[in-house]
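What follows is a short report on a single structure.
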Amino acid sequence: MADKLTGQRIAFLVAPEGVEQVELTEPWQAVRDADGVAVLVSTKEGRVQAFNHLAEGDTFAVDETVEGADPGSFDALVLPGGVANPDFLRWQPGVGAFVRSFFDAGRPVAVICHGPWTLIDADVVRGRRLTSWPSLRADLTNAGATWVDDEVVIDQSGPNVLVSSRKPADLKAFTHALVDEFAHPGRGRTQPAFAGVSDQDAIRQVAGQTSADLHAADVFARESDGSLTATEAAKADGDDLTP
């Protein structure tokens, strides 16, 4: 991949048991291929048990626990799927706060399959656009998200970039988007046209008039009809009489 994650620490958050193995290992390898540092985070020390659908797969060593990890030490977060994996995570103390911290800090997050369950319980999907395993559609919609049936969805409408995919068959697109967005977080975002400008001034600017323009026009009109006070006239001429 052309994009590089050199020096970036990417957290992979999984439960002690139940993560879909390929949804962990393929994004993990993509991060490493891009020179990133993949860190396995779980709720317990030791090893996590992955699954290939319903069959037990390999085990993987935990690098850091949710309780001991500093969210601020990571540049991005990946939430793999597997039915049991997020179902376990969503009830564990500290998981919601850990996940929410990435959104609060504006750091990119990538999630696949059943992973959005964890996002729902962290209360970070309202107003966001994402995809998932189809059975989560109602859960996400009820939580205020817009659900889309695409292999990968990149949403930049919130405080951070959110990359999502539906299932293992989408992993090629998912890993490509994940690395690209992690390498260039926020690329493609545009600054609001009237950032830092009041609503009234924004409307006036659209009409081609600024506050200064309208003030000058008001002064001229009141000079003409004699309603301008002496103090206001002095201010208009640049001579402020106010003590």
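Within the range 26-48, restricting attention to residues that are more than 24 Å from H184 (Cβ to Cβ) and surrounded by fewer than 18 Cβ atoms within 10 Å (Cβ to Cβ), the residue that is nearest to the chain's Cα centre (by Cα) is K44. Being aliphatic (A, V, I, L, M) and over 22 Å from R166 (Cα atoms) is a property that V31 lacks. Just one of (1) surrounded by 15 or more Cβ atoms within 10 Å (Cβ to Cβ); (2) at negative phi; (3) in contact (Cβ under 8 Å) with a residue 40 or more places away in the chain; (4) not in a helix (DSSP H, G or I) fails for G57. It is (3). Within the range 142-165, is even one residue out of contact with any helix residue (DSSP H, G or I) (no Cβ under 6 Å at 6 or more places or on another chain), farther than 24 Å from R32 by Cα, crowded, with 24+ Cβ neighbours inside 10 Å and at pLDDT 95 or above? Yes, some residue in the range 142-165 is out of contact with any helix residue (DSSP H, G or I) (no Cβ under 6 Å at 6 or more places or on another chain), farther than 24 Å from R32 by Cα, crowded, with 24+ Cβ neighbours inside 10 Å and at pLDDT 95 or above. Where helices (runs of 4 or more DSSP H) sit wholly within the range 71-165, those with at least 1 residues that are farther than 26 Å from K44 by Cβ occupy 137-142.
Please indicate, with yes or no, whether at least one residue in the range 113-120 is small (G, A, S) and either surrounded by fewer than 24 Cβ atoms within 10 Å (Cβ to Cβ) or not assigned by TED's automatic domain parsing to the domain that holds E23 (or both). Within the range 113-120 (the criterion being small (G, A, S) and either surrounded by fewer than 24 Cβ atoms within 10 Å (Cβ to Cβ) or not assigned by TED's automatic domain parsing to the domain that holds E23 (or both)), the answer is no, since none of the residues qualifies. Among the residues making up the range 60-70, those that are in a loop (DSSP other than H, G, I, E, B) and over 21 Å from the mean Cα position of the chain (by Cα) are V62, D63, E67, G68. Can you find a residue in the range 85-101 that is surrounded by 18 or more Cβ atoms within 10 Å (Cβ to Cβ), among the β-branched types (V, I, T) and within 21 Å of I120 (Cβ to Cβ)? There is at least one residue in the range 85-101 that is surrounded by 18 or more Cβ atoms within 10 Å (Cβ to Cβ), among the β-branched types (V, I, T) and within 21 Å of I120 (Cβ to Cβ).
The values are calculated or read from the model by the stated rules, or taken from the named source; none is laboratory data. The model shown is predicted, which means the values in this text are computed figures rather than measured ones. Because the Cβ atoms are built from the backbone with ideal geometry, glycine has one as well, and the counts that use them run over all protein chains shown.
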